[in-house]
Number of protein chains: 2
Amino acid sequence: MPSKRLAAKPLNAPQGDSLALDEQLCFALYSTMLSLNKVYRGLLHDLDLTYLQYLVMLVLWEKDGINVSEICTRLALETTTLTPLLKRLEARGLIQRVRSASDERQVIVSLTAEGRALRGKAKALPSCVAQAMELAPKEIGALRAQLLALRSNLDRNA
Amino acid sequence: MPSKRLAAKPLNAPQGDSLALDEQLCFALYSTMLSLNKVYRGLLHDLDLTYLQYLVMLVLWEKDGINVSEICTRLALETTTLTPLLKRLEARGLIQRVRSASDERQVIVSLTAEGRALRGKAKALPSCVAQAMELAPKEIGALRAQLLALRSNLDRNA
DNA sequence: TGCCATTAGATCGCATGCGATCTAATATCC
DNA sequence: GGATATTAGATCGCATGCGATCTAATGGCA
């Protein structure tokens, strides 16, 4: 005779306890990020930038002449990831990497004229992306806020 | 004398047109995904699985004995990404890769006993992740739905 | 001053992720 | 039946992403 365990374990398990791929927020987040990355790949092709390179340029267009650590902090990435990328951007002539005189440990990253000029080409990008998202600005803002709140929670419990 | 151009270009540009890193949904999505990945990294350490390996196992725990293409479709990834990963899972003894007899082009992926057994260890994971997210199940569900809708839009406009 | 901890980057190894391309097997069309 | 197109995976090259570790420079403290 079956016990009443069924009542405690419904046929459709609650979201948090299921191993079903489609019920997991993690996969929604992961695959949406990949899709967004693909959209950016297409749009960034003209600028000959990868998505991460674009993010680094965004940081530098906002504040030039910062050290590697500050870029790392801003993007929540490790030097391990950024050092090779910065070397590539330097090889392409978009930035310069110079050891700080006041603190020889630091490497100061600054935009070249070409790097600054690239900002003009990049200006059209956000509206193209927004168009591909097919979301109202208000929805985009709300989703962004939710994601940042989630990120904050995750970082606290990492 | 300044023209009235200012009226057409407000000091705080609308979200879709700004190159400010913090105003972009893309960065919120990207960095939140990385944070979530870090949480999973910690939780998956015991299972000796990476995040993507875990996703593949989720697919196989749901439906065993499928070919590589079906896994690719399910996870929206290329064979280029999955073929080496599947070889690693095979080397670890979690899965088997066998050429299909009816269609020699296909490779059928099936779980080994060890691969099936690993599901038991994985069952605790979703609730740990949900706890780290600090979100109510309803919020998680809503966010997931929004992300999937966004992904659908992005894929349509890719 | 001199020893030691800390900090900033760099190097290495490994695991994704994808575009371009290749091979082998199957499907299609005449 | 045979030429051709398509499909399923695999291989290669390159760019992330991070843990572990290294080096050099700075800070702190007896």
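Computed from the coordinates by the stated procedures, all read-outs in this text should not be read as laboratory data. Keep in mind it's a predicted model, so treat the numbers as computed, not measured. We place every Cβ from the backbone using ideal geometry, glycine too, and count neighbours over all the protein chains shown.
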7 Å along Cα→Cβ for the label point: how many nanometres lie between B:R97 and each equivalent label in the other copies, listed shortest first? 3.5
Measure nothing but the geometry: give the 0 to 90° angle between the long axis through the Cα atoms of B:113-122 and the longest principal axis through the Cα atoms of chain B, rounded to 10°. 40
Nearest beta-carbon of B to the rotation axis carrying it onto A: which residue, how many whole Å? B:M33, 2
Per the C-alpha gyration tensor (a ≥ b ≥ c, the square roots of its eigenvalues), the stretch B:80-158 is rounded if a/c is under 1.5, else prolate if a/b beats b/c, else oblate; here it's oblate
Find every distance from the label point of A:K138 to the corresponding label point in the other copies (7 Å from Cα along Cα→Cβ) and write them in nm, one decimal, shortest first. 2.1
Measure out, as a whole number of angstrom, how far apart the alpha-carbon centroids of the stretch B:17-53 and the stretch B:128-151 sit. 14
Place a +1 charge on the Cβ of each Lys and Arg in the stretch B:20-130 and a -1 charge on the Cβ of each Asp and Glu, then give the dipole magnitude about the Cα centre in debye, rounded to the nearest 20. 360
Quick one: which residues, 5+ away or cross-chain, put their amide H under 5 Å from the amide H of A:N67? H built at 1.01 Å from N. A:V109
From the C-alpha coordinates alone, can you work out the Kirkwood hydrodynamic radius of the protein assembly as shown, in Å? 22.1
Ordered by residue, what ³J(HN,Hα) values in Hz, to whole numbers, does the stretch B:135-147 give under the Karplus form 6.51 cos²θ - 1.76 cosθ + 1.60, where θ = phi - 60° and Gly and Pro are x? 10, 5, x, 5, 5, 4, x, 5, 5, 4, 4, 5, 5
Sites removed, the longest contiguous part of chain B containing no DSSP-loop GluC sites (Glu not before Pro) with at most 14 other Cβ within 10 Å is B:1-77
Just going by the charge dipole of the stretch A:34-133, with Lys and Arg at +1 and Asp and Glu at -1 on Cβ, which of A:I108, A:L94, A:S35 is farthest out on the positive end? A:S35
Among A:S127, A:S18, A:S100, which one moves the most in a GNM of chain A with springs linking Cα atoms closer than 10 Å? A:S18
Value of Rg to Rh for chain A (Rh from inverse mean 1/r over Cα pairs, i.e. Kirkwood): 1.13
If you build a Gaussian network model of chain B, linking Cα atoms that sit under 10 Å apart, which residue out of B:D48, B:D64, B:D22 swings the most? B:D22
Let me know the mean shielding of A:47-54 by other chains, meaning the per-residue number of their Cβ atoms within 10 Å of its Cβ. 1
If you place +1 on the Cβ of every Lys and Arg and -1 on the Cβ of every Asp and Glu, how big does the dipole about the Cα centre of the stretch A:87-129 come out, in debye to the nearest 20? 180
Per-residue [θ]222 nm for the protein assembly as shown (sum of -39500 (n - 2.57) over DSSP H runs n ≥ 4, rounded to 500): -19000 deg cm²/dmol
Of B:R97, B:R144, B:R41, the one that fluctuates the most in a GNM where chain B has Cα springs shorter than 10 Å: B:R144
